[in-house]
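**Student:** Structure incoming, see below.
The values are calculated or read from the model by the stated rules, or taken from the named source; none is laboratory data. Remember, it's a predicted structure, so these values are computed and weren't measured experimentally. Positions of Cβ are backbone-derived with ideal geometry, glycine not excepted, and every protein chain shown enters the neighbour counts.
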Amino acid sequence: MLVRIDNGQAVSLHGDPAHPVTRGFLCAKVTQYLDRQYSPHRLLYPQKRVGAKGEGRFARISWDEALDTIAERLSGIAQEFGPEAILPYSYAGTMGLLNGAGMDRRFFHRLGASRLDRTICSSTGGAALTASLGFRYAPEPEQFANAKFILAWGANIHGTNVHLWPFIVEARRKGAKLVVIDPVRTRTAALADVHLAIHPGSDLALALALMHVIIAENLQDADYVARYTNGFEQLAARVREWTPSRVADLTGIPADAIVTLAREYATTKPAAIRLNYGIQRSERGGAAVRAVAALATITGSWKHAGGGLQLTTSHAFQFNTAALERPDLQKASPLGRETRVVNMSKLGEALTEITDPPVKAMVVYNSNPAAIAPNQNKVLQGMRRDDLFTVVLEQLQTDTADYADILLPSTTFLEHTDLYRSYGHYFMQLARPALARTGETRSNVEVFRALAHRMGFTDHCFNDSEDDMIRQVLSSGHKFMDGVTLERLDREHWVRLNISPAGEPFVPFAEGAFGTPSSKCELGADALDYVPPVESRFGDEKLRQKYPLELITSKADNAMNSTFGYRDTLDAQTGSLHLCAEDAAGRRISAGDRVRAFNDRGSLTLRAEIDETMRSGVVRIPAVRWAKRAEDGRSANALTSDHLTDMGGGPAFFSCLVEVERCAD
Ligand SMILES: Nc1nc2c(c(=O)[nH]1)N[C@H]1C(S)=C(S)[C@@H](COP(=O)(O)OP(=O)(O)OC[C@H]3O[C@@H](n4cnc5c(=O)[nH]c(N)nc54)[C@H](O)[C@@H]3O)O[C@H]1N2
Ligand SMILES: Nc1nc2c(c(=O)[nH]1)N[C@H]1C(S)=C(S)[C@@H](COP(=O)(O)OP(=O)(O)OC[C@H]3O[C@@H](n4cnc5c(=O)[nH]c(N)nc54)[C@H](O)[C@@H]3O)O[C@H]1N2
Ligand SMILES: [Mo]
């Protein structure tokens, strides 16, 4: 990204025209960052809480007082309850490596704090791909331009991954067909050749039926299967019972559409699947991802540039994370061993139920758990605890910031140095500060470095500069990192990973070489038995009678989770409930009515939006708002469940039943 600066003020943000993926344009969310940078909601100096937790009343203090208080409280808690009573809580508020998982990790490892299992977004799909493919590699976005058939599966490309879209446009100009599988007629679905509106959480059944047709009609790539896969016979036996007519009922997709899709997908080459995280946020999401991976593999789609499957490109960023994060420092902690792991998706439980030891302190950065974590009422119950010492590092006065005992102001990516891997392509970039820092803000690296010194940690790594850390993280020796150096990044700003020779496409798995112990794709038939999610139209009967609607809280357009939650324009989106005319009429709901969505976990007041992109039985709340800006102080996560999926410990956000009623006038 490029920043135009005039008199020390940033005046505009631009995509870099030379960048091969973004090619000079920014997505609608990132173009808003300057408004955020100069927002009156920016935190400018350290503060301590003077009101009740959640109330948001604070008084200014100095950095010395803030750091002394934190060091003193954390030491006291570590002494009394053991350091595992301290819980870091962070996610990808910044995708920068140093401020995302650098000095913070070193600090908490050395302290002996609990470790956080960062499951909130992608761990289900990640675990599934690891089991099937070993390496979570994927075709480059640029290669989608060469596909002849593109399947967007639980992927709202136009809304959440717009930089892929031009390559799809190019492919379609050359005759490619785009099919979208999504319960909602998203922007992407509306632009597709075919939209298959699947029942939420039934993707595994669909993938089984597609493979049923392919194998029954002998359309698989027998040579690829024989050379590079394990478990094809078991898979063939498994899919036999999953006929298109049986799966039609389970998915809501007509049998003939399933047969057509199977034939076209298997016989058109190259065929690419863009799988995004939509399908893995449901109860059997891990198995569903494994089934889609098996589908892409038995057809031999990996052989072609422009084929294969893309969920994530992250695994190709082969960093030396041990050098950056220093897990070995746990041995130097008072516990002298690896510490306990707490799942971030179960934050409510962690703060209210776990003992041995209980969580007595939480340090939050790069995340807004009071808004984004599932089962919000339980999360807030925990965060309200008076005996919980909470530190929050933030740029804005978020919901979470309101619960801080000590609130620290953070720099933005325009104000600090960091190294970024990408979300969906293979270029990494270095960003040096473009602007002087705002107020007394400090970067996460600076804060955790200072805290380490305050706590008396003398290990040399707590003196490392940002540049030292970059050199360390680049030093993995992996071939993908060949030639990626700090000097080159400083010169060129963005650098393509060395995944293939320049000018040649990266075609992972074209000749097998999967990252599993067997080096083959593990088709995983044993894991692929479909049972509808408990919270779904074919799930638990008692629950369905009380709460007959399936709720999807997928990403809001022009937003970034809760990052832009301070904006009024976003509130209108994230405060609305989308439902079809039929479901509305049955409840005497008209457009614009105030409605209440509820289940056993919570209740939420919203504006009804009668929406022809929704089908009967499914409702949607775009995610996710700042809870404090809502009438009842809750975001959509007051309704979502912290029930975990089948793999990777991720939350089943999209397996969620609710009922909706019109509010009394
Ligand atoms: N505009 C915008 N862009 C974003 C973000 C944002 O908040 N706003 N967030 C970023 C982040 S953190 C992420 S992880 C990515 C996520 O990017 P995506 O995975 O594309 O986004 P989601 O909204 O989670 O889900 C994608 C689609 O899955 C559909 N879906 C829901 N349930 C099912 C199901 O059971 N089966 C199928 N087939 N589809 C289903 C939803 O209707 C939705 O359209 O987006 C990133 N980009
Ligand atoms: N209902 C529902 N809930 C969801 C989802 C959903 O689809 N539906 N999606 C889930 C997914 S995929 C994700 S990834 C999570 C995202 O949840 P979070 O990771 O909490 O992401 P954000 O809401 O964007 O909040 C990030 C915060 O980090 C702060 N931040 C940014 N840069 C820095 C920095 O350098 N230093 C510090 N200290 N702070 C910084 C920002 O100000 C922002 O408030 O939400 C999950 N929650
Ligand atoms: Mo995410």
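**Student:** Can you tell me which residue is nearest to Glu394 (Cα to Cα) among those in region 540-578 that are assigned to a loop (DSSP other than H, G, I, E, B) and among the β-branched types (Val, Ile, Thr)?
**Tutor:** Thr563
**Student:** Same structure again: Consider Ala155 carefully, then state whether it is within 16 Å of ligand 2 (Cβ to nearest atom) and closer than 20 Å to Thr22 by Cβ.
**Tutor:** yes
**Student:** State yes or no: is Gly336 at pLDDT 95 or above and under 24 Å from Lys520 (Cα atoms)?
**Tutor:** Considered against the rule, which asks whether it is at pLDDT 95 or above and under 24 Å from Lys520 (Cα atoms), Gly336 comes out as no.
**Student:** Cβ-Cβ under 7 Å, sequence separation 6+ or interchain: first residue in region 75-99 and acidic (Asp, Glu), partner modelled with pLDDT of 95 or more. Which pairs?
**Tutor:** Listed pairs, sorted by first residue: Glu84/Gly112; Glu84/Ala113; Glu84/Ser114; Glu84/Thr339; Glu84/Arg340; Glu84/Pro357.
**Student:** What is the number of the single condition among (1) charged (D, E, K, R); (2) touching a helix residue (DSSP H, G or I) at 6+ places or on another chain (Cβ under 7 Å); (3) more than 16 Å from ligand 2 (Cβ to nearest atom) that Glu84 does not meet?
**Tutor:** (2)
**Student:** For region 341-377, how many residues are at negative phi, surrounded by fewer than 24 Cβ atoms within 10 Å (Cβ to Cβ) and of a type in the set (S, T, N, Q)?
**Tutor:** Qualifying residue count for the region: 4.
**Student:** Taking Val364 and the conditions (1) within 16 Å of ligand 1 (Cβ to nearest atom); (2) touching a Ser or Thr at 6+ places or on another chain (Cβ under 8 Å), which numbered condition does it fall short on, given that it satisfies the others?
**Tutor:** (1)
**Student:** Of all residues in region 421-470, how many are modelled with pLDDT under 95 and charged (D, E, K, R)?
**Tutor:** Within region 421-470, residues that are modelled with pLDDT under 95 and charged (D, E, K, R) number 1.
**Student:** For region 384-425, name all the residues that are of a type in the set (Gly, Ala, Ser) and buried (at least 24 other Cβ atoms within 10 Å of the Cβ).
**Tutor:** Correct list: Ala401, Ala404, Ser410.
**Student:** Might you check whether a residue that is touching a strand residue (DSSP E or B) at 6+ places or on another chain (Cβ under 9 Å), in contact (Cβ under 8 Å) with a residue 12 or more places away in the chain and within 29 Å of Ala652 (Cβ to Cβ) occurs anywhere in region 407-418?
**Tutor:** Checked region 407-418: no residue is touching a strand residue (DSSP E or B) at 6+ places or on another chain (Cβ under 9 Å), in contact (Cβ under 8 Å) with a residue 12 or more places away in the chain and within 29 Å of Ala652 (Cβ to Cβ).
**Student:** Checking Asn156 against (1) surrounded by 24 or more Cβ atoms within 10 Å (Cβ to Cβ); (2) in contact (Cβ under 8 Å) with a residue 60 or more places away in the chain; (3) within 14 Å of ligand 1 (Cβ to nearest atom), which single condition isn't satisfied?
**Tutor:** Tallying (1) surrounded by 24 or more Cβ atoms within 10 Å (Cβ to Cβ); (2) in contact (Cβ under 8 Å) with a residue 60 or more places away in the chain; (3) within 14 Å of ligand 1 (Cβ to nearest atom), Asn156 fails exactly one: (1).
**Student:** Pick from region 460-519 the residues that are aromatic (Phe, Trp, Tyr) and part of a loop (DSSP other than H, G, I, E, B): which of them is surrounded by the most Cβ atoms within 10 Å (Cβ to Cβ)?
**Tutor:** Across region 460-519, the extreme among qualifying residues is Phe509.
**Student:** Among (1) hydrophobic (A, V, I, L, M, F, W, C); (2) more than 19 Å from Val445 (Cα to Cα); (3) within 30 Å of the chain's Cα centre (by Cα), where does Ile5 come up short?
**Tutor:** (3)
**Student:** Being under 33 Å from the mean Cα position of the chain (by Cα) and either among the basic types (Lys, Arg) or buried (at least 20 other Cβ atoms within 10 Å of the Cβ) (or both) is the filter here, so list the residues in region 233-246 that pass it.
**Tutor:** Passing the criteria: Leu235, Arg238, Val239, Trp242, Pro244, Arg246.
**Student:** Go through the residues of region 45-67 one by one and say whether even a single one is assigned to a strand (DSSP E or B) and in contact with a Ser or Thr (Cβ under 6 Å, 6 or more places away or on another chain).
**Tutor:** no
**Student:** Identify all residues within region 635-648 that are assigned to a loop (DSSP other than H, G, I, E, B) and either over 16 Å from the mean Cα position of the chain (by Cα) or within 15 Å of ligand 3 (Cβ to nearest atom) (or both); write none if there are none.
**Tutor:** Ser635, Leu639, Thr640, Ser641, His643, Thr645, Asp646, Gly648
**Student:** Tell me which residues, restricted to region 87-130, are within 15 Å of ligand 1 (Cβ to nearest atom) and either of a type in the set (Ser, Thr, Tyr) or touching a Cys at 6+ places or on another chain (Cβ under 9 Å) (or both).
**Tutor:** Correct list: Ser90, Tyr91, Ala92, Thr94, Thr119, Ser122, Ser123, Thr124.
**Student:** Got at least one residue in region 126-138 being under 23 Å from Lys29 (Cβ atoms) and crowded, with 24+ Cβ neighbours inside 10 Å?
**Tutor:** yes
**Student:** Every residue in region 616-665 that is within 14 Å of ligand 1 (Cβ to nearest atom) and of a type in the set (Lys, Arg), please.
**Tutor:** Arg620, Arg625
**Student:** Need the failing condition index for Glu283 against (1) part of a helix (DSSP H, G or I); (2) buried (at least 23 other Cβ atoms within 10 Å of the Cβ), just the number.
**Tutor:** Against the list (1) part of a helix (DSSP H, G or I); (2) buried (at least 23 other Cβ atoms within 10 Å of the Cβ), Glu283 comes up short only on (1).
**Student:** Quick test for you: out of Gly539, Gly617, pick the one residue that is surrounded by 17 or more Cβ atoms within 10 Å (Cβ to Cβ), touching a helix residue (DSSP H, G or I) at 6+ places or on another chain (Cβ under 9 Å) and not hydroxyl-bearing (Ser, Thr, Tyr).
**Tutor:** When all the criteria are applied, what remains is Gly617.
**Student:** Looking at region 200-248 only, could you name the residues that are under 13 Å from Tyr530 (Cα atoms) and of a type in the set (Asp, Glu)?
**Tutor:** Of everything in region 200-248, those that are under 13 Å from Tyr530 (Cα atoms) and of a type in the set (Asp, Glu) turn out to be Asp203, Glu241.
**Student:** Among the listed residues Leu295, Leu329, identify the single one that is surrounded by 23 or more Cβ atoms within 10 Å (Cβ to Cβ), in contact (Cβ under 8 Å) with a residue 40 or more places away in the chain, more than 16 Å from ligand 3 (Cβ to nearest atom) and outside any loop (DSSP other than H, G, I, E, B).
**Tutor:** Leu295
**Student:** Going by the conditions given, is Ala559 surrounded by 19 or more Cβ atoms within 10 Å (Cβ to Cβ), over 20 Å from Val379 (Cβ atoms) and either modelled with pLDDT of 95 or more or within 16 Å of ligand 3 (Cβ to nearest atom) (or both)?
**Tutor:** Taking the combined requirement at face value, the residue satisfies it.
**Student:** A further question on this structure: Go over the candidates Asp249, Asp223, Asp193, Asp256 one by one and state the one that is touching a residue at least 24 places away in the same chain (Cβ under 8 Å) and either under 18 Å from Arg290 (Cβ atoms) or among the acidic types (Asp, Glu) (or both).
**Tutor:** Answer to the selection: Asp223.
**Student:** Considering each of Ala636, Ala630, Ala608 in turn, give the residue that is within 27 Å of Ser345 (Cβ to Cβ) and buried (at least 22 other Cβ atoms within 10 Å of the Cβ).
**Tutor:** Testing whether each residue is within 27 Å of Ser345 (Cβ to Cβ) and buried (at least 22 other Cβ atoms within 10 Å of the Cβ) leaves just Ala636.
**Student:** Could you list all residues from region 81-116 that are closer than 26 Å to Ile279 by Cβ and either assigned to a loop (DSSP other than H, G, I, E, B) or not assigned by TED's automatic domain parsing to the domain that holds Arg337 (or both)?
**Tutor:** Scanning region 81-116 gives Tyr91, Ala92, Gly93, Met95.
**Student:** Has region 347-361 got any residue that is free of Cβ contacts under 8 Å to residues at least 60 places away in the same chain, out of contact with any helix residue (DSSP H, G or I) (no Cβ under 7 Å at 6 or more places or on another chain) and of a type in the set (S, T, N, Q)?
**Tutor:** Yes, region 347-361 contains a residue that is free of Cβ contacts under 8 Å to residues at least 60 places away in the same chain, out of contact with any helix residue (DSSP H, G or I) (no Cβ under 7 Å at 6 or more places or on another chain) and of a type in the set (S, T, N, Q).
**Student:** What tally of residues in region 1-28 results from selecting those that are touching an Asp or Glu at 6+ places or on another chain (Cβ under 8 Å) and basic (Lys, Arg)?
**Tutor:** 0
**Student:** May I pose another question? Restricting to region 631-652, and then to whatever is of a type in the set (D, E, K, R) and within 13 Å of ligand 2 (Cβ to nearest atom), can you tell me which residue is nearest to Asn375 (Cα to Cα)?
**Tutor:** Top of the filtered list is Asp642.
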